[in-house]
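Only one structure is covered here, and it is reproduced in the block below.
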Amino acid sequence: MKLWGRILWTLLSGSRGRRGVPQGWALNSWKPLSSLTGLLSAREVVSHWTQVFEQRGIPEAQESSEYIVAHVLGAKTFQSLRPVLWTKPLTPKQLQYIQELCSHRLQRMPVQYILGEWDFQGLSLKMEPPVFIPRPETEELVEWVLEEVAQRPTTVGAQGGPLILEVGCGSGAIALSLLNQLPESQVIAVDKGEAAVRLTHQNAQRLQLQDRIRIVPLDITSEGCWTHLLSWGPIDLVVSNPPYVFHKDMEQLAPEICSYEDLVALDGGEEGMDIITHILTLAPRLFNVSGSIFLEVDPRHPELVSSWLQSRPDLRLSLVAVRKDFCGRPRFLHVRKSAV
Amino acid sequence: MRMSLWQAREDAEGVGRMRGHGGWCAGGEKSTQTSLLISPSCRFLLNVSGWRPVQKQVLLHRLVSAMSTWALLRFPAPLIRMCSGNWGLGLQEKPALLFPGMAATAVQVAGRKDYPALLPLNESELEEQFVKGHGPGGQATNKTSNCVVLKHVPSGIVVKCHQTRSVDQNRKIARKILQEKVDIFYNGENSRVHKEKLEAGRKKQAKKKRAKETLEKKKLLKELWEASQHVTEERTGADGVPGGFRE
């Protein structure tokens with residue numbers, strides 16, 4: 001009983017002085033004191049917070065709870081924790097840390113921002129609001145690019161491997177996973193957001209990939225930006241997960257997204273095509289004889305892109321393949337500049 | 001027996017390409033007349049002389065030799081390459097071939113030295129479940145539930161994987177685990193996992209035996225040495241050389 005009392009005291013005194021967290025909710029979010037007895041193992045804490053989240057209408061109640069507890073215990077997922085840790089009692093410090101993180105979740109902060117990190121293609125990346133959080137679908141975009149590069153070895157220049165341009169690098173997920181898996185490649189990563197440029201720098205250094213990446217603050221919708229991009233020679237590949245949400249759909253986005261992520265990284269204009277069309281207009285100027293563009297898009301875009309390309313024969317681009325994501329939705333496009 | 005018919009056209013590189021869903025296609029030789037088709041159950045090979053049963057090892061050897069060395073390291077590349085070429089805007093067709101992870105299991109285990117490689121899993125025999133209610137998906141959603149549930153339909157084996165925070169990695173790991181379980185299911189005592197366990201057990205036994213023998217030898221040597229010391233003392237005492245304390 002003495003131990004339990006100590007824990008309770010630590011928790012209550014810990015939360016009292018916290019900035020931005022009204023005192024009242026901290027007590028309300030806990031069940032009546034009697035039910036706290038025995039709430040000491042990882043499993044029980046997960047169960048408790050799952051209930052709290054569910055009561056407050058927080059989506060992915062169990063997943064959020066599991067990720068937070070696992071993180072505090074030093075693992076990436078609950079399932080990957082050593083089984084003995086599931087039932088071992090948690091220390092007061094751990095309980096306090098868990099409560100702190102869960103309080104952010106109660107404010108609908110995305111788990112990735114709460115933990116300050118997330119994984120993408122086997123890489124651990126730092127996450128920081130408001131820089132766009134990489135989505136799981138985008139891992140498949142990277143897989144596709146890797147397959148294509150394997151199949152079509154680019155002409156080996158002085159620096160080897162393909163020279164890739166990523167438009168809208170965000171946290172650096174796509175750029176860095178390509179660099180990591182294509183040891184001869186070089187990447188030019190651009191983003192118009194300063195926070196994104198900074199975060200990509202940090203992630204590149206964390207992963208020791210800073211030598212093969214150039215991170216450029218650039219708005220590709222600005223006039224003449226392509227001349228700057230040409231200073232490193234012709235580009236082999238353009239990859240992007242550009243803002244592609246239809247403007248009218250923006251208001252339906254969950255609070256996790258609206259309140260914490262940079263909406264500029266999502267809004268693609270009326271038909272979600274604004275940035276896409278800019279990329280497609282820009283790319284042919286950057287390629288040599290031929291080149292490929294890989295995009296992640298909204299499921300309605302394959303047709304829209306196809307007809308738009310037909311209206312712009314001057315670009316000499318054609319849509320050569322559409323690939324579905326793991327939910328079966330057409331999500332990725334491969335557009336190619338023809339040599340003829 | 002049920003056998004899907006596959007249309008295969010070879011491109012200029014002599015690699016087979018295929019439309020349809022599931023199954024495997026491998027073009028080993030460069031010549032245009034040899035086209036290798038493999039039935040979905042991976043038990044039959046079709047070549048110029050018609051369908052014939054094939055041994056697992058032969059099949060895997062042909063598959064592996066059809067792939068470039070680079071592909072062995074970068075697993076799904078060649079088979080997906082074969083199938084993604086002339087696809088065009090096939091929005092109606094379900095591009096099962098363009099789902100990653102298809103060839104993962106075959107190539108990942110092909111390099112193991114000690115045991116014959118595991119029979120590869122056939123994607124068309126698998127059912128995969130991800131995030132339920134994923135909503136619009138893509139940018140419009142922020143979901144963190146990356147748990148993958150993978151079912152091998154013919155045997156009914158289900159694997160649930162939430163080892164990592166990446167859906168992609170979980171899919172690959174789930175396939176690997178499932179492949180081993182399927183191997184045990186069908187091969188029982190002959191399965192690779194079982195054989196490995198037996199081998200590990202045998203090695204452990206042998207090690208224990210050796211350690212025991214060494215210990216006994218040491219014990220014997222010690223006894224002999226002590227016995228010789230005792231004899232020396234007695235002899236010394238009889239000669240009257242100081243060393244005893246009795247006097």
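Some notes on this structure:
- Normalised contact order of chain A, rounded percent, pairs of Cα under 8 Å and 6 or more residues apart: 12 percent
- Built amide H within the under 5 Å cut-off of A:PHE287, gap 5+: A:ILE235
- GluC sites (Glu not before Pro) lying in DSSP loop within the stretch A:164-239, provided at most 11 other Cβ fall within 10 Å: A:GLU223
- Here the 3J(HN,Hα) profile of the stretch A:163-175, calculated from phi with Karplus coefficients 6.51, -1.76 and 1.60 at θ = phi - 60°, is 9, 10, 10, 10, 9, x, 6, x, 7, x, 3, 5, 4 Hz, Gly and Pro shown as x.
- Looking at chain A alone, DSSP beta bridges between its own residues are antiparallel in about 45 percent of cases.
- Summarising the label geometry, the points placed 7 Å from Cα in the beta-carbon direction at B:ILE184 and A:GLN252 lie 4.5 nm from one another.
- Shown in residue order for the stretch B:223-231 are the 3J(HN,Hα) couplings computed by the Karplus curve 6.51 cos²θ - 1.76 cosθ + 1.60 at θ = phi - 60°: 4, 4, 4, 4, 4, 5, 4, 4, 4 Hz (x for Gly and Pro).
- Debye log10 I(q)/I(0) at q = 0.11, 0.12, 0.17, 0.18 Å⁻¹ for the stretch A:219-340, Cα point scatterers: -0.39, -0.47, -0.90, -0.99
- Among A:GLY233, A:GLY272, A:GLY168: highest mean-square fluctuation, GNM of chain A, C-alpha pairs under 10 Å: A:GLY233
Every number in this text was worked out from the coordinates using simple rules, so none of it is lab data. Source: prediction; values computed, not measured. Methodologically, a virtual Cβ is constructed for each residue, glycine included, from the backbone with ideal geometry; neighbour enumeration extends over all protein chains shown.
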